[in-house]
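For reference, the structure is listed below as structure tokens.
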Amino acid sequence: MAADETPYIPPTEADLALIKRILPHRYPFLLVDKVRDIVPMESCVGIKNVTSNEPHFEGHFPQEPVMPGVLIIEAIAQASAVLVGCSLDLADKGMGTYFMSIDKCRFRRKVVPGDVLELHIKTLRGGGKVWKFEGRAIVDGELAAEAEIMAMMNRGENG
């Protein structure tokens, strides 16, 4: 570190602007609105506000809109990637995140328009290119989905 550089201090939360600097995803596939309670390298809580105007509800299902389970798991993965991006100062560095596995996946309750999906992320293994997380999607204090995911993080220009 040069004498005039200040050390990186990871943020404790990420607003939508910072999320977009970390993740390549955009509408309609950006599934995290905010990330709070970031403990670098360890945990965070992502927030997804589920709204009726999301395109998947047009066909899943028109009479009873339900957020597809695969999108809930994708939201868990995106929140996990934001945790890594904030922990390692990867904003604006073109980080790529690629699923390697999804294990212990269970769906416990429907997620519908109007719900606020809390994505509780805990790092099980990380620090290198391959990370493993435990994710729990919670609505109104009730478990909606859970999974362990493994992903490869491409650290962009620094990695």
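The values are calculated or read from the model by the stated rules, or taken from the named source; none is laboratory data. The shown structure was predicted, so the numbers you read here are calculated from the model rather than taken from an experiment. Note: ideal-geometry Cβ built from the backbone for every residue, glycine included; neighbour counts use all protein chains shown.
Restricting region 1-26 to residues that are surrounded by 10 or more Cβ atoms within 10 Å (Cβ to Cβ) and hydroxyl-bearing (S, T, Y) leaves a set whose member that is modelled with the highest pLDDT is T12. Which of the residues spanning region 103-135 are part of a strand (DSSP E or B), in contact with a helix residue (DSSP H, G or I) (Cβ under 8 Å, 6 or more places away or on another chain) and surrounded by fewer than 18 Cβ atoms within 10 Å (Cβ to Cβ)? Hits for region 103-135 are C105, F107. One residue is enough: does region 133-153 have a residue meeting the conditions modelled with pLDDT under 95, over 15 Å from the mean Cα position of the chain (by Cα) and under 24 Å from T12 (Cα atoms)? The answer is no; no qualifying residue exists.
Conditions tested, residue by residue: (1) out of contact with any Gly (no Cβ under 7 Å at 6 or more places or on another chain); (2) aliphatic (A, V, I, L, M).
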| position | (1), (2) |
| --- | --- |
| E54 | yes, no |
| I72 | yes, yes |
| L83 | yes, yes |
| T97 | yes, no |
| D103 | yes, no |
| V111 | yes, yes |
| G141 | yes, no |
| A147 | no, yes |
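Here's the yes/no breakdown for (1) within 20 Å of V116 (Cβ to Cβ); (2) in contact with an Asp or Glu (Cβ under 9 Å, 6 or more places away or on another chain); (3) part of a loop (DSSP other than H, G, I, E, B); (4) free of Cβ contacts under 8 Å to residues at least 40 places away in the same chain:
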{"site": "P28", "(1), (2), (3), (4)": "yes, yes, yes, yes"}
{"site": "L31", "(1), (2), (3), (4)": "yes, yes, yes, no"}
{"site": "I38", "(1), (2), (3), (4)": "yes, yes, no, no"}
{"site": "V45", "(1), (2), (3), (4)": "yes, yes, no, no"}
